Each structure stands twice: as structure tokens, then as C-alpha cells.
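Undergrad: Handing you this structure, nothing more for now.
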Amino acid sequence: MTKDVIAAILERRSVRRFQPEPVPHAAVGRLIDAARWAPSAGNIQPWQFYVVYNERKKKELASAALNQRFVSEAPVVIVVCVQPEMSASRYRERGRNLYAIQDSAAAVQNILLAAHGYGLGACWVGAFDEALVMEALDLPRGLVPVAILPVGYPAEENRPPARRPVEEIVHVIE
Ligand SMILES: Cc1cc2nc3c(=O)[nH]c(=O)nc-3n(C[C@H](O)[C@H](O)[C@H](O)COP(=O)(O)O)c2cc1C
């Protein structure tokens with residue numbers, strides 16, 4: 001990792017414009033490795049990662065993502081999926097409805113931070129038609145796509161969007 005974790009947290013931005021250079025397979029492998037080291041409830045790791053280089057499939061993903069074109073413009077797109085029933089088998093409703101989603105969100109954030117650490121850019125795309133993504137990737141029954149992550153070398157540098165002030169979001173109980 002090239003960046004200090006705090007620097008990566010503070011400097012990471014959503015990137016929606018990419019240079020055309022391909023992302024080396026080894027770099028994608030490092031992103032997946034970062035994802036699989038995310039915490040998960042009971043260490044169940046209910047996730048699956050689809051790494052899409054295929055141009056036609058990337059276009060299908062962009063169109064499933066309400067025509068967010070930058071999805072297909074990225075050299076590689078990682079789709080993070082989850083098997084809620086894996087979490088449900090141990091933790092029932094809470095596993096199915098909460099832990100599985102939280103686990104996959106932690107994996108997504110690890111990918112975004114690792115991408116930044118390796119000089120890549122990415123964006124968490126959550127606005128998509130689930131059924132269309134399932135169809136595009138031919139996902140097996142029980143596997144739910146939770147995030148589409150276009151990844152590439154950044155072709156833009158974005159200013160940090162404002163954050164709500166600390167006083168508005170923190171409640172101290174002494
Ligand atoms: C659950 C979730 C869904 C998101 N969906 C989209 C999306 O569909 N399209 C998009 O361009 N950005 C999407 N974003 C990125 C946010 O717009 C972005 O994180 C936010 O504006 C803050 O900017 P930053 O990531 O540069 O700090 C999503 C982020 C999250 C966490």
C-alpha cells in the first residue's frame with residue numbers, strides 16, 4: 001500500500017472519469033484481496049466479486065445502472081454481490097437483512113480505499129436495476145448485487161463534497 005490509511009480515508013474521492021489504460025490484473029487482484037480482508041459478521045464472508053472486462057457486459061451494466069455511462073467507460077468494473085442466506089443461516093433475520101449488507105459494504109469500502117492507495121480511482125454505484133444486473137452477469141439464485149464499482153486510472157480530480165458538521169452528527173454522552 002502506498003498511502004497511509006488516514007490519508008486514504010480523507011483523500012479518496014468518487015472518480016467518474018477514467019484514462020483508457022487498462023488496469024493490470026495484478027492490481028485488480030490486490031483490490032479483491034483488500035475486499036476479502038474486510039470484517040464480516042461471524043467471519044462468514046458472504047460475498048462474491050464479479051470482475052468485468054468485457055465491453056458488451058460493461059455496457060449492459062451501465063444501462064442497468066440507469067444509463068450512468070461512466071460505468072462502461074471504466075477499464076474494469078467490479079460488481080460486489082452477497083449471499084444473504086449465508087448470513088441468515090447463522091444469524092436469521094438480522095443476518096439476512098443487516099449483516100450481509102454491512103459485510104458487503106465493508107468490502108466495498110476496502111476496495112475504494114485500496115484503489116485510492118494504489119493510484120486508481122473508483123466510484124460506488126448503487127443506483128441500478130437489480131434484476132438487470134443479475135441478468136447481465138447470469139448470477140446464480142440467491143446472489144444479490146449490492147454495488148457496481150467502475151475502476152480505472154483517474155482522469156479527473158474532484159474537490160471534496162461538503163460533509164455535515166461534526167456538531168450536527170455527534171452526540172456525546174458523559
Ligand atoms: C450506497 C451508495 C450509492 C451510491 N450510488 C451512486 C451512483 O449510483 N452514482 C454515482 O455517481 N455515485 C454514487 N455514489 C457515490 C456518492 O455520490 C459519493 O460517495 C458522495 O457524493 C460523496 O462523494 P465522495 O465519494 O467523493 O466523498 C454512491 C455512494 C454510496 C455510498
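Undergrad: Just from its helices, what would the mean residue ellipticity at 222 nm be for the chain, if runs of 4 or more DSSP H residues each count -39500 (n - 2.57) and the sum is divided by every residue, rounded to the nearest 500 deg cm²/dmol? Walk me through the numbers before you get to the answer.
TA: Working: 8 runs with 74 residues, N = 174.
Only helices count here, giving -12000 deg cm²/dmol.
Undergrad: Given the options P20, P75, P145, which has the most mean-square fluctuation in a GNM of the chain, springs set between C-alpha atoms less than 10 angstrom apart?
TA: Judging by the Gaussian network model, the answer is P20.
Undergrad: What does the extension gain come out to for R36 and A162, with contour length at 0.36 nm per residue minus their alpha carbon separation?
TA: Contour length minus Cα-Cα distance gives 42.3 nm.
Undergrad: Further, regarding this structure: With springs only between Cα atoms under 10 Å apart, run a GNM on the chain and tell me which of A122, A35, A155 wobbles the most.
TA: Sorting by GNM fluctuation, first place goes to A155.
Undergrad: Hey, in the GNM for the chain with a 10 angstrom Cα cutoff, which one of L137, L31, L120 fluctuates hardest?
TA: Maximum fluctuation in the GNM of the chain, among the listed residues, is at L137.
Undergrad: In whole Å, what is the distance between the alpha-carbon centres of the stretch 8-33 and the stretch 53-84?
TA: If you average the Cα positions of each part, the centres end up 15 Å apart.
Undergrad: Amide H of A155: which non-local residues (sequence gap of 5 or more, or other chain) have their own amide H closer than 5 Å, using H built in the peptide plane?
TA: Here R17, F18, Q19 satisfy the definition.
Undergrad: Where Lys and Arg each count +1 and Asp and Glu each count -1, what net charge lies around E85 among other residues with Cβ under 15 Å from its Cβ?
TA: Numbers: positive: R90, R92, R94, R96, R141; negative: E93, D103.
Overall, the nearby charge balance is +3.
Undergrad: Highest mean first, how do 126-135, 45-54 rank when packing is the count of other Cβ atoms within 10 Å averaged over residues? Show your work: numbers first, answer last.
TA: Details: 126-135: 14.6, 45-54: 18.3.
Ranking the peptides 126-135, 45-54 by packing returns 45-54, 126-135.
Undergrad: Considering amide H positions built from the backbone, and no H for Pro or chain starts, which residues 5 or more places from V146, or on another chain, come under 5 Å of its amide H?
TA: Here the answer is V80, C81, V82, since their amide H atoms fall under 5 Å of that of V146.
Undergrad: On to the next question. Take every Cα-Cα pair in the chain and report what % of them are more than 30 Å apart.
TA: Result: 20 percent of Cα pairs exceed 30 Å.
Laboratory data are not the source of any read-out in this text; all were calculated from the coordinates shown. Everything numeric here is computed off the predicted structure, so don't read it as measured data. Here Cβ is always computed from backbone atoms with ideal geometry, including for glycine, and neighbour counts include all displayed protein chains.
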